[in-house]
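Working notes, beginning with the structure itself.
The values are calculated or read from the model by the stated rules, or taken from the named source; none is laboratory data. Quick caveat, the model's predicted, so the values are computed rather than measured. Counting neighbours? That spans all protein chains shown, and the Cβs are built from the backbone with ideal geometry, glycine included. In case anyone asks, the SASA skips ligands and DNA or RNA and just uses the protein heavy atoms, side chains included. Shrake-Rupley method; radii C 1.70, N 1.55, O 1.52, S 1.80 Å.
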Amino acid sequence: MNIYPLTLNACGRLPEAAERDPLLAEIQRYEIPDLMLFAVDGTTPEEMISGISQELLWMPLGVVRWEQSVAPAARSLALLLQYIRLALPRTRIHLAGHGAGAHVAAAATVSCVEPILSTLTLLRPNISPFALASHGALHRLLGRSLVLGPTVVTFQRKPSEFGMGRAGAHGLDEGQSVVLPIDDLKGLSGNLRRRVINLEGEATTANAAALLKTLCCREDTVPPLRRCPPVRRATRKTASRPALKLVAPPVPSCPAAPPSTESACNAPSR
């Protein structure tokens, strides 16, 4: 299975090494270019986790849980993101959250000092619709471009216990956001250059899995990997050839100067 459980520390510190090290070792061993972290709470159905895992079989899925309030959980998740960024600088990090997990994911992103995430997905977040506006608590996320790719928000028009409703994220500048149906993956692919994408509809297991698969498969929304060129191994043909001798290039000598002039090349040392 590609699911790795991660428990956020109650004191706002990094998760235990026994949980985070196997995840990082898996990425380093197989040189996996993408990593998905999914923050969940008690209302997140377990079949959603397994459904996302089945759609993202090529990458590890770190399932983030916590038992404390949002603030220490967000601090612990922010430290984890920065730790992964330093340990795996060539890995693209995708962060998603459901319900209260979306609140923790957004708060952790705002707590980072530099852009770390490639994409951020908030599935039915229980935050204010004006959180991303110029006067909102999460405006720094857009003002400092802390997400390299798009920030995707799902919402429902019918009343629910979650805060994000009606039309998704409100109060954004014209051209920053777009509203699309949640099952319109073609329209989603065509608007990945937007800063915020509002998707209207029920965030079911199938929709969430297809959404995250579309975001993680697009190479044009995230910076390309910087891989070293492959090393050519010696074969029978190349091993039988004589080794090349490296000859240093000739060092140019100073031109001969007339006797009546003092050149810098043949000037007597003092």
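Quick look at the numbers
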{"item": "Among 107-113, 93-99, the order from most to least packed when residues are scored by Cβ within 10 Å on average", "result": "93-99, 107-113"}
{"item": "Accessible surface, per residue, of the stretch 1-84 when the full set of protein chains is kept, probe 1.4 Å, Å²", "result": "46"}
{"item": "Dimensionless Rg ratio for the stretch 84-149, taking C-alpha atoms and the 2.2 N^0.38 Å reference", "result": "1.09"}
